[in-house]
Amino acid sequence: MSFDLVFFGGTGDLTWRKLMPALFQAFRHGKLPPGGRILSVARDEQSDDKYRGWLKERFQDVEGGKRPSDEEFARFAELLHYRRMDLSQPEHYAGLKQWLEDRGAATAVLYLATSPHLFPQICAQLGAVGLNGPHVRVVLEKPLGHDLASAQDINRVVRSVFSETQAFRIDHYLGKPSVQNLMALRFGNALFEPLWRRESIANIQITLAESLGVGTRGDFYDRTGTLRDMVQNHALQLLSMVAMEPPSRYDADAIRDEKLKVLRSLKPFTDDSVARDVVRGQYRAGNAAGKPVAGYLDEIRVPPDSRCETFVALRTEVQNWRWAGVPFYLRTGKRLPARDAQIVVNFRPTPHSIFPGINRPNKLVIKLQPEDGLELHLLAAKGTSQNEALSAVSLDLDFDKAFPETRVGAYERLLLEAIAGRLNLFVRSDEQEQAWSWVEPILQAWNRENAAGGVPRPYAAGTWGPAAASALVARDGFAWSEEQ
Ligand code: BG6
């Protein structure tokens, strides 16, 4: 199946840091369908060859094993093309259409890797020149909107030009192999299903921790904050996959219908519950990997009086029969002790312990990164004597070791899925808008707090966030996984 893949924002950070290296991996793994062309469009005037040379240089920043040799790059570069486009000029879209039609590939995938405020303009212009036929797909990179109203504005324009089945909204977490494994664990095995409910589960914790700070992205980050950057999308997507009912088929709409139902069942926030159940934090100077690091307010391009949050912890519930009363805790932030993403399912304790003094509940840890694996924590007898203590042991499964040859990165997978036209790993507009409407009361409450002089709670870089995050969980009689 021949395809053309077009990157709007072809000289931007996302394209050269993530998308091109991912495409190169797909190419190297022999996964890119034959007969493909990759076109980068951007504002500068340059030839295909100059663009190829520029990209080759950028690839020097790609981590070691993923960097192409000269010979590999030369073969990959044969697929690369460049075209100058001023995105406000209708005739430039007509020129692009012509370029695509001259060859008439079976599929055209248009990847909008630009600033999202340009999405409505680009989509409208694509529609105006008729670049929205059934063989065209549009891929929209996050952040999709800044709040519910702006997300709806973008979606309105996208839907007026493309059908929902042509729109591929990226949440790169859905491309991670570990997230695929979550579906496999839940719906490919019958073992856990009878336990996957309020009767057996005490609480669920989702942690997406990063050890890095905001780096050079201070201006973007300060307009965004952790709630928009990580919670509205990645954390809520994970929550909905953990909590969803089994879809009737492995198909995009069956899966997305079930995720949407979870998002609609989340307990809505009020001002009181935001104050009680949501903790926002901002890092101060501290340590990362044993070295002193600056606080958020001292990062470049961050205003010295910023109220932007770099950490969020919250408690919510999924209000349905399966989950009534089970707390779901989400926690994510920058400058935490490690890069570590995991979902911890804490089971209830045994109803009656026959081992004096010991009643340690089981837990299932779904590890998303840096490793991709599962740990099931159990108690086992250490020795033969009845009086000897039980000991905690875990069954460990490491998917990177189990399937070393099939591991692919999130962007590689998502690009290949978009080219193949499979929507399972992309977010539908109603899910996305529902997620925005759920976080909106938090954003509004914080705006009011800020106006009244409120600030995020400080935490030292290299710690697990403000103490209030531990108190949030302790209030229910629980502890975060690392404190258990
Ligand atoms: C992005 C956020 O969506 O996800 C970044 O904009 C964040 O701020 C990144 O660092 C985390 O992704 P990953 O795959 O490294 O966990």
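The values are calculated or read from the model by the stated rules, or taken from the named source; none is laboratory data. What you are looking at is a predicted structure, and each value in this text was computed from that prediction instead of being measured. Quick reminder, even Gly has a Cβ in these numbers, built from the backbone with ideal geometry, and neighbours come from all protein chains shown. SASA here: full protein model, heavy atoms, side chains in, ligands and nucleic acids out. Shrake-Rupley method; radii C 1.70, N 1.55, O 1.52, S 1.80 Å.
Before moving on, here are some points about what is shown:
- The range 330-339, subset within 14 Å of the ligand (Cβ to nearest atom) and within 17 Å of Gly286 (Cβ to Cβ), residue surrounded by the fewest Cβ atoms within 10 Å (Cβ to Cβ): Arg339
- Residue within the range 463-470 that is open to solvent by 60 Å² or more (accessible area, probe 1.4 Å), free of Cβ contacts under 8 Å to residues at least 60 places away in the same chain, assigned to a helix (DSSP H, G or I) and farther than 26 Å from Phe328 by Cα present: no
- Of the criteria (1) assigned to a loop (DSSP other than H, G, I, E, B); (2) free of Cβ contacts under 8 Å to residues at least 60 places away in the same chain, which one Gln121 fails: (1)
- Scanning the range 354-379 for residues that are in a strand (DSSP E or B), touching a Phe, Trp or Tyr at 6+ places or on another chain (Cβ under 7 Å) and open to solvent by less than 20 Å² (accessible area, probe 1.4 Å) yields a single hit, Gly373.
- Residue selected from the range 167-191 under the condition of a type in the set (Phe, Trp, Tyr) and open to solvent by less than 30 Å² (accessible area, probe 1.4 Å), by the criterion nearest to the ligand (Cβ to nearest atom): Tyr173
- Of all residues in the range 246-270, those that are under 19 Å from Phe328 (Cβ atoms) have Cβ atoms under 7 Å from Cβ atoms of residues that are of a type in the set (Val, Ile, Thr) and surrounded by 13 or more Cβ atoms within 10 Å (Cβ to Cβ), 6 or more apart or on another chain, in Val262/Val318; Ser265/Val318; Leu266/Thr316; Leu266/Val318; Lys267/Thr316; Phe269/Ile442.
- Unmet criterion (only one of (1) modelled with pLDDT of 95 or more; (2) within 16 Å of the ligand (Cβ to nearest atom)) for Gln205: (2)
- Qualifying residue in the range 365-387 (condition: more than 16 Å from the ligand (Cβ to nearest atom) and within 19 Å of Ala235 (Cβ to Cβ)): yes
- Asp372 being at pLDDT 95 or above, acidic (Asp, Glu) and within 30 Å of Ser265 (Cα to Cα): no
- Among residues of the range 126-155, those that are in contact (Cβ under 8 Å) with a residue 24 or more places away in the chain and open to solvent by 30 Å² or more (accessible area, probe 1.4 Å), counted: 14
- Just one of the listed residues (Leu96, Leu80, Leu112, Leu19) is more than 21 Å from Tyr411 (Cβ to Cβ) and crowded, with 18+ Cβ neighbours inside 10 Å, namely Leu96.
- Residue that is nearest to Trp436 (Cα to Cα) [pool: residues in the range 231-279 that are touching a strand residue (DSSP E or B) at 6+ places or on another chain (Cβ under 8 Å) and β-branched (Val, Ile, Thr)]: Val231
- So Ser273, is it of a type in the set (Ser, Thr, Tyr), surrounded by 22 or more Cβ atoms within 10 Å (Cβ to Cβ) and modelled with pLDDT of 95 or more: no
- Applying a threshold of 6 Å to beta carbon distances and a minimum spacing of six or more residues, or different chains, the list of pairs starting in the range 173-189 at a residue that is over 14 Å from Ile343 (Cβ atoms) and ending at one that is away from the ligand (no atom under 15 Å from the Cβ) and not in a helix (DSSP H, G or I) reads Phe187/Pro246.
- If you go through the range 400-435 and keep only what is within 16 Å of the ligand (Cβ to nearest atom) and either in a strand (DSSP E or B) or of a type in the set (Phe, Trp, Tyr) (or both), you end up with Tyr411, Phe426, Val427.
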